[in-house]
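The values are calculated or read from the model by the stated rules, or taken from the named source; none is laboratory data. Everything quoted here is computed from the prediction, not taken from an experiment. Cβ coordinates were reconstructed from backbone atoms using ideal geometry, including for glycine residues, and neighbour counts include every protein chain displayed.
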Amino acid sequence: MFLIFEMLETLKQLALLGGTRKVLRISSKELAERIGQSTQTAARKLKELEEAGYVERTVSKDGQYVVITEKGKDRLHREYLDYRKIFEELPDSVVIKGRVTGGVGEGAYYVSLEGYRRQFVEKLGFDPFPGTLNLKIPKEQLFFRKLLDREEGIKIEGFSAENRTFGEVKAFLCRVGKANEANKIDAALVIPQRTHYPSDVLEVISPVKLRDELGLEDGDVVELEVFLGGVNDVRQR
């Protein structure tokens, strides 16, 4: 545990030097001064970060070059969210905007599986329309996506059927509608723990076909208010 803390502290110092935005030219001696350790210890920590996949490092006759990887950025971001929980009062909900995009046609199949459908009815309080509304969110909204990854959400258990294993799903109750329009429909954001979709695509389920009820077409901007608490927390509001 202490080793992980030391790695994170070193990673933080590299980030403060700009390592999430550019390639750093930094010697082990310079890093040692930043972390208050010996040069040998600093070199070892860099090697450990590299082996963990948090940084990429190149050593040449011109010096040592280091950049923080996406995995390293994600690790720092998880720490940041934990500290937000300590020092800030987090909101009851977050609002995410995205554009309607076409799916790959698998939403109806997965939503209709009895192993999922039964839990949706029991835990979310509605029987979902067999299909999902897919939203592509811009880069500036990805912070909220990562926030949801850290929240507990409503757990939909995985199960086995049809000689296949279907993975766990995390869900959040939400309200969805066209941006800047008052008409909102109760729904749920579902985040499969194993998915082929990239992190900038969100899937929404609802008791109704959202495209028809809201008059949506591909490219329309949709506003999603996602509630961070459990079902009882939301219903009490």
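Annotations for the structure displayed:
- If the condition is being loosely packed, with under 14 Cβ neighbours inside 10 Å and either touching a Gly at 6+ places or on another chain (Cβ under 7 Å) or touching a residue at least 60 places away in the same chain (Cβ under 8 Å) (or both), then region 197-215 contributes only Lys209.
Rundown of residues vs (1) within 19 Å of the chain's Cα centre (by Cα); (2) surrounded by 13 or more Cβ atoms within 10 Å (Cβ to Cβ); (3) under 16 Å from Val222 (Cβ atoms), yes/no style:
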position: Gly102; (1), (2), (3): no, no, yes
position: Tyr110; (1), (2), (3): no, yes, no
position: Gly115; (1), (2), (3): no, yes, no
position: Lys123; (1), (2), (3): no, yes, no
position: Ile137; (1), (2), (3): yes, yes, yes
position: Glu151; (1), (2), (3): yes, yes, no
position: Lys155; (1), (2), (3): yes, yes, no
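- The residue list Val94, Val111, Val121 contains one member that is among the β-branched types (Val, Ile, Thr) and part of a strand (DSSP E or B), which is Val94.
- Here region 1-31 is the region considered, the condition is being outside any helix (DSSP H, G or I) and charged (D, E, K, R), and the residue that is nearest to the chain's Cα centre (by Cα) is Arg21.
- For first residues located in region 56-75 and in contact (Cβ under 8 Å) with a residue 40 or more places away in the chain, partners that are aromatic (Phe, Trp, Tyr) and lie 6+ apart or on another chain with Cβ distances below 9 Å form the pairs Ile68/Tyr54; Gly72/Tyr54; Lys73/Tyr54; Arg75/Tyr54.
- Tabulated pairs, region 165-180, first within 15 Å of Val208 (Cα to Cα), second among the basic types (Lys, Arg), C-beta under 8 angstrom, 6+ apart or interchain: Arg175/Lys184; Val176/Lys184; Gly177/Lys184
- Pairs with Cβ under 8 Å, 6+ apart, first in region 135-147 and closer than 17 Å to Glu203 by Cβ, second of a type in the set (Asp, Glu) and in a helix (DSSP H, G or I): Lys146/Asp74
- Candidates are the residues of region 61-84 that are at pLDDT 90 or above and not in a helix (DSSP H, G or I); the one that is surrounded by the fewest Cβ atoms within 10 Å (Cβ to Cβ) is Gly63.
- Flag if Arg145 is closer than 19 Å to Gly103 by Cβ, at pLDDT below 95 and surrounded by 15 or more Cβ atoms within 10 Å (Cβ to Cβ): yes
- Failed item in (1) exposed (fewer than 15 other Cβ atoms within 10 Å of the Cβ); (2) at pLDDT 95 or above, with Glu168 passing the rest: (2)
- Residues that are of a type in the set (D, E, K, R) and part of a loop (DSSP other than H, G, I, E, B) were ranked within region 148-161; the one that is farthest from Ile96 (Cα to Cα) is Glu157.
Every residue, every condition in (1) surrounded by 14 or more Cβ atoms within 10 Å (Cβ to Cβ); (2) assigned to a strand (DSSP E or B); (3) not assigned by TED's automatic domain parsing to the domain that holds Val226, yes or no:
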{"residue": "Glu33", "(1), (2), (3)": "no, no, yes"}
{"residue": "Arg44", "(1), (2), (3)": "yes, no, yes"}
{"residue": "Glu50", "(1), (2), (3)": "yes, no, yes"}
{"residue": "Gly98", "(1), (2), (3)": "yes, yes, no"}
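- Filter result for Ser112 (under 30 Å from Arg25 (Cβ atoms), out of contact with any strand residue (DSSP E or B) (no Cβ under 8 Å at 6 or more places or on another chain) and free of Cβ contacts under 8 Å to residues at least 24 places away in the same chain): no
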